[in-house]
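What follows is a set of notes on a single structure, which appears directly below.
The values are calculated or read from the model by the stated rules, or taken from the named source; none is laboratory data. Just so we're clear, the structure is a prediction, and the values are computed from it rather than from any experiment. FYI the Cβ positions are ideal-geometry reconstructions off the backbone, even for glycines, and counts take in every protein chain you see.
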Amino acid sequence: MNEHGRKMVAPAVIVICLVAYYAAVALLILKLELPRLASVGIVVFSALLSGILIWTLVDRIKEIRKGEEDDLSKY
């Protein structure tokens with residue numbers, strides 16, 4: 001595995017774990033007998049967080065491929 005590949009593994013693993021966690025929470029909430037609005041709100045919130053995580057991962061992978069190792073070096 002090349003240098004860029006190794007740097008992409010950790011963010012990808014973290015995002016996969018968090019998305020799986022949010023999916024499990026959403027499924028658990030759907031199984032519980034909560035008011036419909038609360039269930040929908042929590043499921044939508046979990047989906048939004050998962051989408052943001054995936055978007056951030058894609059952005060980070062693009063940065064790694066361009067060679068931008070540290071975002072703070074720009075400032």
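Taking the range 25-46 as the range and being surrounded by 14 or more Cβ atoms within 10 Å (Cβ to Cβ) and under 26 Å from residue 12 (Cα atoms) as the test, the residues that pass are 25, 26, 29, 42, 43, 45, 46.
Considering each residue of the range 1-49, count those that are without any contact (Cβ under 8 Å) to a residue 12 or more places away in the chain and either of a type in the set (Phe, Trp, Tyr) or part of a helix (DSSP H, G or I) (or both), and give that number. Residues that pass the stated criteria total 24.
Yes or no: residue 52 at pLDDT 90 or above and either in a helix (DSSP H, G or I) or closer than 16 Å to residue 12 by Cβ (or both)?
On the way: at pLDDT 90 or above: yes; either in a helix (DSSP H, G or I) or closer than 16 Å to residue 12 by Cβ (or both): yes.
Spelling it out, residue 52 is indeed at pLDDT 90 or above and either in a helix (DSSP H, G or I) or closer than 16 Å to residue 12 by Cβ (or both).
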